[in-house]
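Computed from the coordinates by the stated procedures, all read-outs in this text should not be read as laboratory data. On a predicted model such as this, the values are computed, not experimentally measured, just so you know. Counting neighbours? That spans all protein chains shown, and the Cβs are built from the backbone with ideal geometry, glycine included.
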Amino acid sequence: MMYEFSILNFKYDFTLCWIMKCKTIGVVGGMGPYADLDLMTKIRILTGAKKDQMHIPVVLVSFPDKIVDRSEFIVGHVKENPAEGIFLAAKAAVNAGAKILAIPCATAHSPKILNRFMELSNGQRLKFQFVHLIKSIAEYISKNYPAKKVGILSTYGAYLGGAYDIFGDYGIDYVFPDEKIVRDVLHPAIYHEEYGIKANPTDISDFAKTNITIAMKDLADKDVEVIVLGCTEIPLAIKEERIKNIHIVDVNRVLALKILEKCRMD
């Protein structure tokens, strides 16, 4: 049996035989637990399976109690590097059989965190193929929206930590909202303990929606043509693929597509 479908310029031919040969995916979660679920849902939907046995094997390891907040580390409020806890989750996923790993957290891809995670993994000879979230987004934009100005919505930690600096290596013209807006408006939309997305992931508050809209307007005023929902929790609040004349990039969807592409290649 063969199922063929096309999504956003990606085309897959899935057969039961191919799925059975696919390496197990490891999702290193706990950094926005509902973002993990959103990624998992999109992997399942994009697989296009018609029965249980056609789904790709996935291991989700969520250790939120062992991973300190990434933004708090970047701004200097905590000393422990989140990479230590991320490594523990990754090791558990690999020990459970995962061969391909992804981390659905943009701030965790800040060099100060990701480099330490890779150092720990290499030091203990943890073997896996890594699907890099930010590189996946950059490749997706380069292919689908070349030569377009890109705006990024992110946590304050990802902004300060340089998580998206790699966009420069791809020649992408990108901007953030003004720093004050990222820090005082957008970041609270995610983190506010009463109104933020983390506190209300299934019932997004008007506060969070309004703050995200303010940040998006700032980007629109900077003449961006594409907006990246650059924190994996923002897609929980923004479902549109296009707002007026601006293309919206859902990073969880992009990561899911990249994971499936990696499985297809292997």
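If I compute Cα extents along the principal axes in Å from the structure I just sent, which labelled value in [x] 77, 40, 28; [y] 51, 43, 37; [z] 47, 45, 38 lines up? Read-out taken from this structure: [y].
With a threshold of 24 Å on the Cα-Cα distance, the over-threshold entries among Lys148/Lys209; Lys42/Lys180; Lys209/Lys244; Lys143/Lys222 are Lys148/Lys209; Lys42/Lys180.
For Lys79, list the aspartates and glutamates whose Cα falls under 15 Å from its own Cα; do not include residues on the same chain fewer than 8 positions away. Answer for Lys79, where 15 Å is the Cα cut-off: Asp69, listed by chain and number. Based on the convex hull around the alpha carbon atoms, the range 134-249 presents an average projected area of 6.5 nm².
As I understand it, the dipole of the chain uses +1 on the Cβ of Lys and Arg and -1 on the Cβ of Asp and Glu, about the Cα centre. Which of Tyr34, Val58, Ser110 lies farthest toward its positive end? Of the options given, the answer is Val58. The calculated FRET efficiency for the pair Lys79 and Arg242, based on their C-beta separation and a Förster distance of 51 Å, comes to about 0.75. Going by neighbour counts of Cβ atoms within 10 Å, the residues Thr41, Thr202, Thr155, Thr232 line up, fewest first, as Thr202, Thr41, Thr232, Thr155. One chain, two ends: Thr213 and Lys23. Fully extended at 0.36 nm per residue, the span grows by 64.4 nm beyond their Cα-Cα distance.
Sorting Leu120, Leu133, Leu39 by the number of Cβ atoms found within 10 Å of their own Cβ, with the fewest placed first, yields Leu120, Leu133, Leu39. Taking the range 167-192 and a reference point 7 angstrom along Cα→Cβ of Asn115, the backbone N atoms nearer than 18 Å belong to 167-169. Would you mind getting me the FRET efficiency between Lys51 and Asn95? Use the beta-carbon distance for r and R0 = 30 Å, nearest 0.05. Once rounded, the FRET efficiency stands at 0.55.
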